[in-house]
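Below is one structure, written out as structure tokens, with a few remarks after it.
We did not get these values from a lab; they are worked out from the coordinates using the rules stated. Computed from a predicted structure; not experimentally measured. Cβ placement follows ideal geometry from the backbone for every residue including glycine, while neighbour counts extend to all protein chains displayed.
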Amino acid sequence: MVKFIRLLSWDELAELRETSREMNSEGIMLKKKDSVYKVGRKRGDWWKWKIDPLVIDCVLVYAQKGSGRRSNLYKAYTFAVKDGDELVTFTKAYSGLTDKEFAQVDSFIKRNSIEKFGPVRTVKPELVFEIAF
């Protein structure tokens with residue numbers, strides 16, 4: 001939905017931006033009124049002013065090796081959260097760490113694998129991550 005917003009100050013716009021979640025949006029898109037949409041990550045005419053992401057603490061429970069230049073490292077992770085006494089898986093992640101962090105997590109996985117199911121390793125649920133979404 002395209003909506004033009006006329007505001008008198010950045011403070012007014014900041015207040016409006018804080019209601020983004022209520023509108024099922026991740027922020028406000030600011031653009032020159034006469035600008036055209038360009039493919040890719042062009043800068044200048046359009047600017048997405050995002051709200052801060054939500055975060056959750058979760059634990060690594062499964063890992064699988066990556067592909068390409070990182071095919072020797074476990075870098076595909078499945079995470080779980082506690083529901084009473086049970087761990088419930090809820091998401092996977094494949095990026096977001098530096099090469100050094102991937103190597104550290106890979107080392108943890110190799111030392112703490114419990115089971116092997118084809119390419120997937122079950123990992124002791126001890127390594128906690130904060131995931132932003």
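So what is the relative contact order for region 1-71, in percent, with contacts set as C-alpha pairs under 8 Å and at least six apart?
25
What percent does the relative contact order of region 10-50 come to when contacts are Cα pairs within less than 8 Å and at least six residues apart?
It comes to 40 percent, rounded to a whole number.
Summing -39500 (n - 2.57) over the DSSP H runs of n ≥ 4 in the chain and dividing by its residue number, what mean residue ellipticity at 222 nm do you reach, to the nearest 500 deg cm²/dmol?
Value at 222 nm, helices only, nearest 500: -5000 deg cm²/dmol.
On a 32 Å Cα-Cα criterion, which of the cross-link pairs 50/110; 33/92; 50/100; 50/92 come out too long?
50/110; 33/92
Which FRET efficiency, nearest 0.05, do residue 48 and residue 83 yield, Cβ-Cβ r, R0 25 Å?
0.15
Can you list the residues, at least 5 places off or on another chain, whose amide H is less than 5 Å from the amide H of residue 25, using H built in the peptide plane?
So residue 25 has HN proximity to no qualifying residue.
Normalised by the residues of the chain, what does the relative contact order come to in percent, with Cα pairs under 8 Å and at least six apart?
Computed value for the chain: 22 percent relative contact order.
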